[in-house]
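Every read-out reported here was derived from the displayed coordinates using simple, explicitly stated rules and does not represent laboratory data. Note that the coordinates shown come from a computational prediction; the quantities given were computed from them, not determined experimentally. Cβ placement follows ideal geometry from the backbone for every residue including glycine, while neighbour counts extend to all protein chains displayed.
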Amino acid sequence: MMDHDHALYEHLDSTLLQSRLETSMFGRELRLYDSLPSTQDEARKWVAQGAPHGALVLAEEQTSGRGRFGRQWISPSGKGVWMSIILKPDKPFLNPAQLTLLCAVALCRAVRKLTGLDAGIKWPNDLLINARKVSGILLESVEPRSDGNTIIIAGIGISVNLQQEDYPDWLQPKATSLRIESGNPVDRYELISAFLKQLEELYVLYLREGFSAIRSLWEAHSLTLCQNISVQMPEGIVTGLAVRLDETGALIIRTADGNEHKIFSGDIF
Ligand code: BTN
């Protein structure tokens, strides 16, 4: 292994990471751990101790990393970016679904810019490269504060330098990493910095101008629109064409009978 490669596999250093950040709020306070059950739980504890807006928890490894719908999230040591960012909006919070989509856009832009890879978003917030998942986002909320505003913990998992054998057999056809796709290890400092910069810019834009700008960006990176998809709804599986996002962030599907259905959450296939 060359020296340069070696540096890419070393554990992150929080002082060095902070010196690489280009943000004014996000990641300015950060806690970095060698190993945690889940950065989401650590962030929740920090919230209880009064974490500031934009505070960031990172772990080299998670022993109980979790995904949406209670799924396990593979988080081996030193190979990914496993982090949670604490968002404390200062107005009654708009819509967590919109924030989820915003995070996905930020991640997609950062990955495309840094690696040149053709990453796209599968609704609502999975990042895919060559039809395999490279990153996922999990938003959790903390009980409303005394001012009535909800605190959001945005969990982001990016499979950066994992190799095929880091995934269990059953996951290998569906999961990939930036390293697998680009053929080269990726610098986690650059990736975290690029992502937080995008996230902060989009967050400011969102608070200032609302969801419409985010919606256009999401649509521009979407792998789901104009595709025939199926989704599990309370009334059964609905199949149709994904036509657009509406102004709330719901996905609109048009079925063969011409009816439109709004999808707020769930898994599409
Ligand atoms: C998904 O696609 O299902 C969401 C995956 C979210 C994984 C991240 S890794 C950092 C944070 N801590 C967790 O336990 N989960 C999120």
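Before moving on, here are some points about what is shown:
- Of the DSSP H helices in the chain, those whose Cα atoms cover at least 20 Å axially and whose Kyte score averages -0.5 or more: 96-115, 188-209
- Placing R0 at 30 angstrom, the Cβ-Cβ distance between S212 and A48 gives a FRET efficiency of 0.30 after rounding to 0.05.
- Paired Rg and Dmax values of region 59-216, which use every Cα atom, in angstrom: 15.6, 49
- Cleavage-rule hits (trypsin sites (Lys or Arg not before Pro)) in region 157-231: DSSP loop, at most 12 neighbouring Cβ within 10 angstrom: K174
- Nearest-20 debye value, the chain charge dipole, Cβ charges on Lys, Arg, Asp, Glu: 440 debye
- In terms of overall dimensions, the C-alpha atoms belonging to region 69-125 reach 36, 25, 21 Å along their principal axes, ordered largest to smallest.
- Pairs of alpha carbons in region 163-265 whose separation is greater than 16 Å (percent): 71 percent
- Scaled radius of gyration (Cα, divided by 2.2 N^0.38 Å) that the chain gives: 0.99
- Fraction in percent of alpha-carbon pairs per bin - 10 Å, region 99-167: 19, 44, 24, 11, 3
- Relative contact order of the chain, pairs being alpha-carbon contacts under 8 Å that are 6 or more residues apart, as %: 17 percent
- At most 13 other Cβ within 10 Å, DSSP loop - trypsin sites (Lys or Arg not before Pro), region 20-99: R71
- Between region 176-238 and region 22-53, the C-alpha centres lie 22 angstrom from each other.
- Residues in region 78-120 that a label on E29 would reach, taking backbone N under 16 Å of a point 7 Å out along Cα→Cβ: 84-90
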